[in-house]
Every structure is written in structure tokens, then in C-alpha cells.
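Structure first, then comments.
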Amino acid sequence: MEHRYSRQEQFAPINKEGQKRLLSSHVLIMGCGALGSACAEMLVRAGVGALTLIDRDVVEPSNLHRQNLYAERDAGGTVPKAEAAKERLQKINSFTSIHAYVLDAGPEQIDKLAPQCDVMIDGSDNFDIRFILNDAAEKHGVPWAFGAAAGSVGMSCLFLPGRTPCLHCLMQGMPDGTMTCDASGIISPAVQMTASLQTAEVMKLVTGNTEALHKKLVLFDIWNGTHQPFGFSSMKQQNCPSCGTAPEFPYLRKKNRSRIRTLCGSNTVHIHPGADVHYNFPLLEQHLAQHGEVKKNKHLLTCMLPSLRLAVFTDGRILIHGTNNPEEAEAVYHHYVEKAAYTVEKEPET
Amino acid sequence: MEHRYSRQEQFAPINKEGQKRLLSSHVLIMGCGALGSACAEMLVRAGVGALTLIDRDVVEPSNLHRQNLYAERDAGGTVPKAEAAKERLQKINSFTSIHAYVLDAGPEQIDKLAPQCDVMIDGSDNFDIRFILNDAAEKHGVPWAFGAAAGSVGMSCLFLPGRTPCLHCLMQGMPDGTMTCDASGIISPAVQMTASLQTAEVMKLVTGNTEALHKKLVLFDIWNGTHQPFGFSSMKQQNCPSCGTAPEFPYLRKKNRSRIRTLCGSNTVHIHPGADVHYNFPLLEQHLAQHGEVKKNKHLLTCMLPSLRLAVFTDGRILIHGTNNPEEAEAVYHHYVEKAAYTVEKEPET
Amino acid sequence: MINILFFARLREEAGQESLHVEKAGCTIKELKEWLDKEYRLSGLNRTMTAVNEEFTTDDTKVTEGDTIAFIPPVSGG
Amino acid sequence: MINILFFARLREEAGQESLHVEKAGCTIKELKEWLDKEYRLSGLNRTMTAVNEEFTTDDTKVTEGDTIAFIPPVSGG
């Protein structure tokens, strides 16, 4: 029987030499939602040597229509995406070394993990994380593949520190009023197309085909049939705070990210009380059991409240499903969770 | 928790009405290789009501880098793709009704299955099958989504009987010297991109968005960054034997397809002795066991010969892995298999 | 005459794919202000802009025959 | 002057993406014969041809300024 990478080595620009490089490369994927799942599967099938997966969320039924690593049995709302992703990926390729972090990664963690990998892939759903990735990429000289999709639209772009302008140059600051999956929905062909564009650039990079890199931002709409590359080489700002002559990496310095956030594409509020907040889980369970059914595993504890579902992670984060209202979520947190909280000093788990 | 199709219904052109149509649609996928796997997964996740899968092959290690329904445990060379595909797809969505045929489908079977579905997807790797699909599509008025990929190149096009020219008009006869995965290799982003283009058109069709159909052939090369639609409305031939004023559906009439074929993308020869040839399996097993290790399941029997691997299917077909030489394969067939063959008249299993 | 292309959300808001207008000589910033006033397009301020398929900044002057694309960032994933 | 674009396999064989030649007035068939002779491109006979992004047949005449794309069919999958 021919070996598993034979058809990929047969592709002339990769060949045996490129495959060898691919097998010893390390890719970090930030977020295991739709784009993260799709990129991770392609790269693991292709034979990437090591993969670092980071995701803070659990698998929900509404993820299944577009997130290709998850099956029905994962979608009960208690399995962390990073764990479910790793499990499926290892069945696909047991030779890839996969590090899965169930973690709401912020500047500290990304700053620590970025220099360990050859390239980073954006599998996130928000520009807060993307600007942190961009700063970490510039600081450590690690390329990263931006990707975003909503509705039938997608965009993708590889940023190469020192060789292309960065995201900060291109967008000239954090965008607002962006297209989200919440507002516009999302269809899986738009996801796979965006992820294919991201993965192709990453494959060029890790197989040593740097001369083939596209160096353009591609924008498409798979529903109306448009597909357009845009050059951005002239956007470099010499005084860019992320990649200019005296960079300050402003998004790596921000420790005070918003504590309460509404998640893209799900009727859910995320609360991060702080890296040093933890819970007395036996006490929490005893308390919550009076209000609804409690389930737990090594990563989290869930409780079905009358109209909401609560998930408390061992790293201190809370997801409140069934609301988009930060104030309601805050009230739920105070009422049900806060009394079991305590504070410790702890290293980020990297 | 929000339901599994909530983000797809949120996409305005689909909404609840389109989702309802999707849930009651029936799609046929011809071939469960790279494109067939990718289209099947997207459609099953999206909630397609019924899926007919047809494939004649077994899962091999060299499929894993690009065929997204298969994992390592499937790739021992004894599990039929249609079966492995169905198993994974049902874990993803247990509500889709999936009919899996382990079958070397020819004109008779396709002619019979085409009118039962709303649209057909080309997941094959050769134009022999595509011209049969095209004739069946025209005869029964069923749209079909052509797709092909090799190297980093892909093309896709939806053919609408009565509304667009057909494949026969467009290509003006069976092409030769085409790009194959054998010669050019194949990378998974090219597969996912082609399948995304096919699936998007199929989704438009089955959700009732016919005015959004692209009606162009899209050609791309994801390595050099080209992506180009081509119109083909002027290619309609009034005397086309497949879709003209007096159609003869020539590819549905051909019963004498080549008996021995080399398969695309694998060092394998396929022998089809004829629909009425069957084997005495106990005799075959007894005979083959003298030459190498024999394994069997309900679909096939395999034997590891000194330098080749032989798979004999219960429907009469033979795959000989480890050679590209039809003459060598023919000799192996005569030497090891033919003496256990007998002939019966049997209906095609549809 | 210049050619303006709208993408993604802006295409829906504008209700059209493109616009041909006599606006050669003005800057991207002026063009955005004009579109904001005439077509009530939202968030043009933080919309990326490309002239002839190359991204550019707000102070760029557009010239006769240019194609200007307005691209609102997509954030989902 | 016409603009010839090569795709997929033909691009590799031709060693270039495009060609500018003085061939206005000839048919696609004549153009294919010329390319076969001058550039030794294989299988042009069964190659799909588009003029200005619309597929067309071998008897079409090309006119000044046309862009002609040669697209060899891909069969894998």
C-alpha cells in the first residue's frame, strides 16, 4: 500500500523535501470553532508535526452545522472544544503531537506560546484576540494567518513580520461594526473556503515555498460568486505601534480585557472574573444542586437553571447560555456563583 | 441551548423556509473520495434530509490526507468507503437518512437512481462517470454539480437541465490528457475549495435560491492565487446528443465500459469482469490462503500476495493494489481468482 | 468618472454592487463623507478601502477611471 | 494584439502565465495550431477555450484586444 502522504508528495511544489519540513513543523491554532476546526483537520491530515490548540468554549448543538471536528455526542454543552478537537484529530493522525489548552487565552498566554511555534492560525471570532495575535506575531517574528467568515462572506490574509504590513497597519486600529455570525449567520462552504485559503498559505510557508506566498488579502462571497484579492504592501506605517520602528505591542500590554463579553454566534455571555479567581467546587455543587441539575467533568461543572444554563470552568471562567444580556448574566453570577469564589495567585497554565 | 441549525437559519437567503426545504431534500453523491467526502460532510451538517452515497472503493492510507470522512482505523484496505462514510456521517447527524451503496455504478444504476434525488454531486475522479451522470441528469431533468481537483487546481460547475448547456456541450466530447491526482498529486485546500463551490450551488438549489445560482464554471489555483469564473451560456449545441432536440443519451447506452482500469491517485488496477460474474468465496478463500494472508468481511475478501494486495468484492469486482500495469493485473486475476468465478443473471443492486 | 464597489454588508446597505460617479479629485475621506450623507452607509469610518485592488489610506486622492472598493471587516469565525 | 492566458497544466508547459501576440483575426482553431507549433503545447485539441471570460468554440474569430484563456480539463477528485 502507498503511504499516507504519497499524493501530497506527488504535488511538485511540496515533494518529499516539503513533506519532511511539514512533518517537523509546529502550528498554533487560536480558537477551535469553525475556522480553527477546518484548518486543524487539513493540517493534521497533511502531517503537521505538532499542533497547539487553544479554546475556551464547550461544544454546543448550534456549532455542529459548521465545525467539522465535532459530532453529536460532543455537543451536550459539557465537552470543551479543545479536548473534543484533539480526540478527533488523533484518530485522524496519531503521529501529530497535539497540545490542547482549555483556556481563555489573553496577552500573557499568547505572548508565551507564540515563540514556540512556526506559524499561528487565527481561528477566533473577534478582533480583540486578533490584535493580540498580531502583536505577539510581530514581537516574536512569527507569521500568522488571519481568517474571518460570516454569512457567505470570508476574508483571509497571511501576515509576515518584517515582510508585509501588519494587521494594525492594514486596519489602522480596531474595527467596529463588523459582520458577525450572530447577526449574519454563517454557512459551512464559506467556512471551508476561508480555512482553505488560510491553510494553503500556511502549507506554502512550512514546506519552504515562501516565493509562492500570496501576500494579498482575499475577500470572497460564495453566495454571489465574487472572489477578489487585494494588495496591501503600501499600507506599512513606519510609526505603527505593533510593527513600526519603535513598537510598543499595545495589545500585549492590556491586562484589563473586558470582564463580561457576549460570544459571537451563540446566545451566550462569557464572564472572566480574573486569572486569580477560583471556586470551591464541592460548595458550588452543593449550592447549585438546589436550583437545577448539576453535571461535572474534569474541566467544568454545569447547572441547568430554570431558563439559563451555567458552566463554571476550573480556571475560573463562567459561560451563561440562554442570554445575550450582560446585566442579566452578571446578576446570575452574583446570585449563584460568587459565594463559592476565592482568590489565589497562580501561573497561567501553559 | 440554541438548536443545531440556528446559525444557518440566521443567514438571510436560507432562513427558516430554506432550512425546511433542505431538511426534506435528497442529494445523490457519486463517489466518496476527496470531493464526495467533503460535500457529504457539509450537506449532512447542514441538515440534508436524505443522502445516497455510491462508491466502489476501499479506504487506503494514501486517502487520509485529503478525504475528510476517514480516520486511521478505516484505512486498512478492507473497509468500503461508502460504509465508512455513512458511519461517520451518522455520528455527525443521526437525522439524515443515508443510503450507502458499495457499488461500481455504471449507466444502469445511475439511470435508476438519478430520478429519485433532487440533485446529484460529482465526487468521482474520471470523465467516464461524469458523462454518464450528465446523460442521466439530462434524461431525468436532475441538476448536477460537476467538480474536479488535482494538484492545487480545481474546477466546479452546476449543470441545470433545460436552463444551461450540459457538460457534453461544454467539453464537446470526452476530454483526454486531463490533470489527474496520480500525475499532479493533490492538496487538501484545493479539495475543500472545490467542494465548497459545489456545495454552495447545491445549497442554493435545495433551499429555493435558484436566482442566486452562479451559472458559471469556476477555475482556481490555490497555490498561485488565481480564481476565475467563466460563462458558458453560449455553448448550448442544438444537436447535442445529451441535451439537444433529439437526445440519445449515448453514455447511458454504453454497456461495454472498459473492463480493466487504473484508478486515479492510487497504485491500483480495477477489474470488472461483468455484472453477472460472481465467485465461490469458500473455494476462493481456500485457494488464496495458500499464497498469502486472507481477511474477509461482508463486502469483500482480501489477500496479501507477495508483492500485491488483492481485494475481491462480493459484487464481482477486483482491486489489485501495488501495480499500475493492466497486464500484470490481468495475469494476477487469471492466476488467482478466475477459477473460483461463476456466472449468474442478477439484477443490479439498487 | 470613478467606479465604486461595495462588498459584504455595505452591498446590502447600498442596495447595489457598484456606483459610477463624477468624484475624481476628491480624497477617500471626502468620498466616505459623501457616501455617508448620500447613501446613509454605516461604519464607513472603519471600512477598509482599496483603489484599483490595492488597499490605501483615507488621504489618498482618487483619479479619473479609478475603481474604489469599500470592504467592511468581517469578524466571525 | 491579443492576450493569451494559460491555466493549470498548460501554464507549466508554456512556462508562462500569459502571452501578448499579434493574432487578431484568426480563429481559435488556427490559434491552437499556431501554439502547438510554436510552443509545443500538448492536448490543445481538447482544451476548453474562453474569450473574454466566456467559453467558446473552435470556429470563433478573435478580435483585437480579446483575452483568450486556455483551460485544460482537470479530472481528479
Query raised in the report: Out of curiosity, is residue B:178 of a type in the set (Ser, Thr, Tyr), at the interface with another protein chain (Cβ under 9 Å from one of its Cβ atoms), in contact with a Cys (Cβ under 7 Å, 6 or more places away or on another chain) and under 30 Å from residue B:267 (Cα atoms)?
Result: no
Query raised in the report: Of the residues B:321, B:299, B:287, which single one is crowded, with 16+ Cβ neighbours inside 10 Å, closer than 24 Å to residue B:128 by Cα and not assigned by TED's automatic domain parsing to the domain that holds residue B:34?
Result: B:321
Query raised in the report: Got a sec? Which of A:81, A:112, A:16, A:91 is basic (Lys, Arg), at negative phi, touching a strand residue (DSSP E or B) at 6+ places or on another chain (Cβ under 6 Å) and modelled with pLDDT of 95 or more?
Result: A:81
**Report entry** Those residues of region A:228-240 which are away from chain C (no Cβ under 11 Å) and crowded, with 18+ Cβ neighbours inside 10 Å, in sequence order
**Finding:** A:240
Query - Among the candidates A:242, A:196, A:266, residue that is in a loop (DSSP other than H, G, I, E, B), under 23 Å from the mean Cα position of the chain (by Cα) and in the same structural domain as residue A:166 (by TED's automatic domain parsing) - result: A:242
Requested in this report: Any residue in region A:235-256 that's on the phi > 0 side of the Ramachandran plot: show its pairings with residues that are at pLDDT 95 or above at Cβ separation under 7 Å, as long as the two are six or more apart or on different chains.
Outcome: A:249/A:135; A:249/A:138; A:249/A:139; A:249/A:242
Report summary line: Those residues of region D:47-77 which are in a strand (DSSP E or B), more than 11 Å from chain B (Cβ to nearest Cβ) and of a type in the set (A, V, I, L, M) amount to D:68
**Report entry** Those helices (runs of 4 or more DSSP H) lying entirely in region A:1-90 with at least 1 residues within 8 Å of chain B (Cβ to nearest Cβ) and closer than 27 Å to residue B:60 by Cα
**Finding:** A:6-9, A:34-46
Query - Residue list for region B:204-227, filter: at the interface with chain A (Cβ under 9 Å from one of its Cβ atoms) and part of a helix (DSSP H, G or I) - result: B:204, B:212
Query raised in the report: Which condition breaks for residue B:184 when tested against (1) away from chain A (no Cβ under 14 Å); (2) buried (at least 21 other Cβ atoms within 10 Å of the Cβ); (3) free of Cβ contacts under 8 Å to residues at least 40 places away in the same chain?
Result: (1)
Query - Filter result (on the phi < 0 side of the Ramachandran plot and within 19 Å of the chain's Cα centre (by Cα)) within region B:172-185 - result: B:174, B:175, B:178, B:179, B:180, B:181, B:182
Query - Residue in region B:296-311 that is farthest from residue B:330 (Cα to Cα), counting only those that are part of a strand (DSSP E or B) and among the charged types (D, E, K, R) - result: B:296
Report task. Give the residue that is surrounded by the most Cβ atoms within 10 Å (Cβ to Cβ), with candidates limited to residues of region A:242-278 that are at pLDDT below 80 and of a type in the set (Ser, Thr, Tyr). Result -> A:266
Query raised in the report: Would you say residue A:111 is in a helix (DSSP H, G or I) and within 14 Å of chain C (Cβ to nearest Cβ)?
Result: no
Report task. Tell me, please, whether a residue that is without any contact (Cβ under 8 Å) to a residue 24 or more places away in the chain and touching a helix residue (DSSP H, G or I) at 6+ places or on another chain (Cβ under 6 Å) can be found in region B:15-36. Result -> yes
Report summary line: The condition of being assigned by TED's automatic domain parsing to the domain that holds residue B:125, in a loop (DSSP other than H, G, I, E, B) and of a type in the set (Asp, Glu) holds, among B:201, B:248, only for B:248
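The values are calculated or read from the model by the stated rules, or taken from the named source; none is laboratory data. None of these values were measured; they are calculated from a predicted model. No Cβ is skipped: glycine too gets one built from the backbone with ideal geometry, and neighbour counts run over all protein chains shown.
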